[in-house]
Each structure stands twice: as C-alpha cells, then as structure tokens.
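Inspection log for the structure reproduced underneath, given as structure tokens.
The values are calculated or read from the model by the stated rules, or taken from the named source; none is laboratory data. Computed from a prediction, not measured in an experiment: that's the story for all the values here. Ideal geometry is used to build each Cβ from the backbone, glycine not excepted, and the neighbour counts take in all protein chains shown.
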Amino acid sequence: MQEKASVSSGPRWYATGLDHIWLPYSQMKTAPAPLPVARTEGTRIHLTDGRELVDGIASWWTACHGYNHLHIRDAVQRQLEVMPHVMFGGLVHEQPLTLARRLSEMLPGDLDRVFFTDSGSVSVEVAMKMAIQYRLNLGDKKRDTFVCFRGGYHGDTLGTMAVSDETGMHKAFAGVLHRHLMADLPKDDESEAALSALLERNAARLAGIIVEPLVQGAGGMRFHDPSVLTRLRRVADRFDLLLILDEIFTGFGRTGTMFACEAAGIVPDIVTLSKALTGGTLPLAATVARRKVFDAFWSDDPMAALMHGPTYMANALACAAANASLDLFEDGERLRQVARIEQWLTAGLAPCGDLPGVTDVRIRGAIGVVELVRIDDLGALRRAFVERGAFIRPIGNVIYLTPALTIGEEDVAFLTRVIGEVVRDARHA
C-alpha cells in the first residue's frame, strides 16, 4: 500500500485528494507519499507542516527567476483582467505576437517563425512533424526517419520517446515504438566519420537530426563540447538534413549563454523551447523554424499547410508571463549571475570528487552534477536531502543542481554542502 504516515496529518485537501491522483514517474504502489506544499517564494518551497526547503532544481529547471517573481506575477495579473485566453484559430492577440517577435530577435540567424504549443514534448513533436512535412512539400515522399543520439531525452509522448535513448526510462517501449536511427555524438573525427557513413547509407529516408545542445539533460546530465554542434551542422548540410536543436533544458541562460547553440556559433533549422520560457509560472512551449522551412509550407495548396493547433495554443496568460520573463533577461544580469553560480558550484562540489563512490563531478553554467557509481535507493537519498532542508531529486545515478538563476551564494553553498554530507553518509549507512 502507498505510504499513509504523513497523509493523515496533512491538510484536508491532501488527505481526501491523494488517493485520486496519478503521480509522474512513480510506482504508485510503493512510492512514498509526496510532500504537500503550501507556498513558494524565491528559492524556497514551504511545506504545509511548516518546514522550508531550499529548492536545488527550480521545479525541473523552469523557475529561472525564482518563485513568485513580482514582475511576472504582475504581468499575468494585468493580462488576466483583460483576456485570459482566446483561440488562436482565425484570431491573434498582442502577447503571443510580441513574444514571437522578441524570440525571433533573440535567436540566431533567420529563426523567425514561431509555432506555440503548451508543453516541451509537443514542441518536439511539432518540430518532427515540420521536418517530415518539409520533405513531403518538397516532393520527397519517404523521408520520415530521424537520427538521434545515445543518452538523449526529448519527452514522454510516443514520437519523442522514439528519438530518446531506448536504454533510459522508456526502455519498456523499445519493442513497441518505431525507433529512429541511434548514433553516438560526433565528438571527434572518428565518430563524425561514423555518423557520416550512417547518414550516407540512409540518406534517402532521413528527414533530420535531433539533439540536445551541450547538455543531454534528463538522460543523465551528460555534457559535450560545442564542437559537437559544429560537426552536426556540417554533416546535416552535407546530406541536406534539417538540424533540430532541443533547447527545452538549455535555453534561457542555463548553460551560460542565452541559448546553447550560441556557444558553437551555429544556427539550427528548427529549435524547441519550453521549461524556463515563462519563468516557471505557466505551461508554454515554442517550435521556431528558419525561413527555408517555413517557405516550404507557403503554398496555394491547403494540404501543404502545417495541420496542427493545440486548443490552448498561444495562451494569453502564458505569453504574458513569457514576455515578462524575457524582460528580466534584457539587462544581462541573469547571464552574469549564471557565471557566478558556475563559480560557486565549482567550489562547492569540488570536495565531492574525493568521496568514495563518486565517478565524476562536472559543472556547466548553472548546472552542477555529481555522478555516482550507482544509487541503490533513490527514495532514501531524496528523503535524506529533505531531512536536511533541501529539495534535490536525483535521476539514475546522478545528483544534480539546476537552481534558479537568482539564487545567492549562501544558498548554493548550503545545497553543495548537503550533497557532500548525503553522499558521504550514504557510503557509511
């Protein structure tokens, strides 16, 4: 049975509602009872029992400005008083059009056509759909396969699972899904040559290449050099393939530049954005295409149109939040703070490298990772962090920090110290 110890002592909404909820990434029969939250503020999660947790992962790295940021909250409130939502079919309104223009101005090159959705997985689905129909509209009938990479993760919908590493959390579906071509990231000349050979053998059926730039996030926080993106741009051009960059994790300053692709100086053909897009306040995602992709859909033939349209596409409240979030990046202070966070993480996590069972410590921008040989009991590790006043949620054999970009040095020092204590104590438990 599900743990009940903290259910009876929680608020009434918790006790009466928990048995009707299906939680994410959880075996509901054995999962510990989730923590009831009363409110959030800055880098703090306040539980209903009065405990306060320092959030080390910013709600799956969405709350890039911290929780309850006044500027974003006020923007959403103003929009709520005018128009919370109106359909985007045959109608447009100020917030999404302003947001589309601003994203186009911020992104490199001619990435200037924005298609809004309401989740990261769907934005990747749309990117894949664009790439396949791009070939169809150009007269190529069978180019519907994608090259993806080991260690990658692009979402939980069927299409995005098919381009994620089949040894990860979705391995149960490996025999069910139409799997695309899995390759190693081209980190050197030899692996680039191997990738080129794979593309040459399959060129007639390929629509594109999809990759997470600089960091493969939920697949294990694996880092790669910007030169990998340069190599991918080169082979994509050689074989006339669309290059899709999934910047759902890396976008909006997380790796040290506004978008990860900037570190390599390349322009993808399609980029997907979500997570921190609204500063962690409301669900919103965007698939942004270069001009040549959009032009392939520009036709007198109605069947050449992109036939996709989420019901809450370009939601006014979410777009207002996103515009307010972009305001907070304008003066460059967020990116300067990321550079400081990188220094604090480096200093704070360095001692973990000497602990038994630790195989690697790595930092990039506002991402800190401590990789272990194994984690035998994820639940126990997560509880140990909570008991010390931190909310940190390891994945696989990786403990990671992706804090708000507004976090202070003291809180970073606390989080890194807690990681060191928990890892050390776990070895001697």
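Of everything in segment 323-375 that is among the small types (Gly, Ala, Ser) and more than 18 Å from the chain's Cα centre (by Cα), the residue that is surrounded by the most Cβ atoms within 10 Å (Cβ to Cβ) is ALA324. In the condition set (1) touching a helix residue (DSSP H, G or I) at 6+ places or on another chain (Cβ under 9 Å); (2) surrounded by 24 or more Cβ atoms within 10 Å (Cβ to Cβ), TRP298 is compliant with all but (2).
Residues that are farther than 19 Å from LEU138 by Cβ, surrounded by 14 or more Cβ atoms within 10 Å (Cβ to Cβ) and modelled with pLDDT under 95 are absent from segment 224-234 altogether. Scanning segment 384-429 for residues that are of a type in the set (Gly, Ala, Ser) and within 25 Å of ARG334 (Cβ to Cβ) yields ALA390, ALA404, GLY408, ALA413. The combined condition, being touching a Gly at 6+ places or on another chain (Cβ under 6 Å), in a strand (DSSP E or B) and not acidic (Asp, Glu), is not fulfilled by VAL338.
Every residue, every condition in (1) in contact with a helix residue (DSSP H, G or I) (Cβ under 8 Å, 6 or more places away or on another chain); (2) free of Cβ contacts under 8 Å to residues at least 24 places away in the same chain, yes or no:
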{"position": "ALA194", "(1), (2)": "no, yes"}
{"position": "ALA204", "(1), (2)": "no, no"}
{"position": "VAL211", "(1), (2)": "yes, no"}
{"position": "VAL215", "(1), (2)": "yes, no"}
{"position": "PHE223", "(1), (2)": "no, no"}
{"position": "ARG231", "(1), (2)": "yes, no"}
{"position": "ALA263", "(1), (2)": "yes, no"}
{"position": "ILE266", "(1), (2)": "yes, no"}
{"position": "ASP269", "(1), (2)": "yes, no"}
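When ARG102 is tested against (1) under 28 Å from THR40 (Cα atoms); (2) surrounded by 16 or more Cβ atoms within 10 Å (Cβ to Cβ); (3) among the charged types (D, E, K, R), exactly one condition is not met: (1). Can you pull out every residue in segment 168-182 that is more than 22 Å from VAL126 (Cα to Cα) and either at pLDDT 65 or above or among the aromatic types (Phe, Trp, Tyr) (or both)? Across segment 168-182, the qualifying residue is only GLY168. For segment 55-83, a tally of residues being of a type in the set (S, T, N, Q) and not in a helix (DSSP H, G or I) returns 2.
The single residue among ARG39, ARG101 that is within 24 Å of the chain's Cα centre (by Cα), in the same structural domain as MET258 (by TED's automatic domain parsing) and among the charged types (D, E, K, R) turns out to be ARG101.
Of all the listed residues (ILE419, ILE363), the sole one being part of a strand (DSSP E or B), among the hydrophobic types (A, V, I, L, M, F, W, C) and more than 15 Å from THR43 (Cβ to Cβ) is ILE363. Restricting segment 376-393 to residues that are surrounded by fewer than 21 Cβ atoms within 10 Å (Cβ to Cβ) and within 27 Å of GLY251 (Cα to Cα), the residue that is nearest to the chain's Cα centre (by Cα) is ARG393.
Of ASP327, ASP269, ASP301, ASP331, all but one fail to be within 20 Å of ILE209 (Cβ to Cβ), among the acidic types (Asp, Glu) and modelled with pLDDT of 95 or more; the exception is ASP269. Within the option set LEU199, LEU185, being under 30 Å from SER59 (Cβ atoms) and in contact with a Phe, Trp or Tyr (Cβ under 6 Å, 6 or more places away or on another chain) holds for one residue only, LEU185.
When we screen ASP49, ASP112 for residues that are in contact with a strand residue (DSSP E or B) (Cβ under 8 Å, 6 or more places away or on another chain) and among the acidic types (Asp, Glu), the only hit is ASP112. Sub-9 Å Cβ pairs linking a first residue in segment 396-412 that is under 17 Å from GLY253 (Cβ atoms) to a second residue that is part of a strand (DSSP E or B) and hydroxyl-bearing (Ser, Thr, Tyr), at least 6 apart or interchain, are ALA404/TYR67, ordered by first then second residue. Applying the selection to segment 84-99, what residues are in a loop (DSSP other than H, G, I, E, B) and surrounded by 14 or more Cβ atoms within 10 Å (Cβ to Cβ)? HIS85, PHE88, HIS93, listed by residue number.
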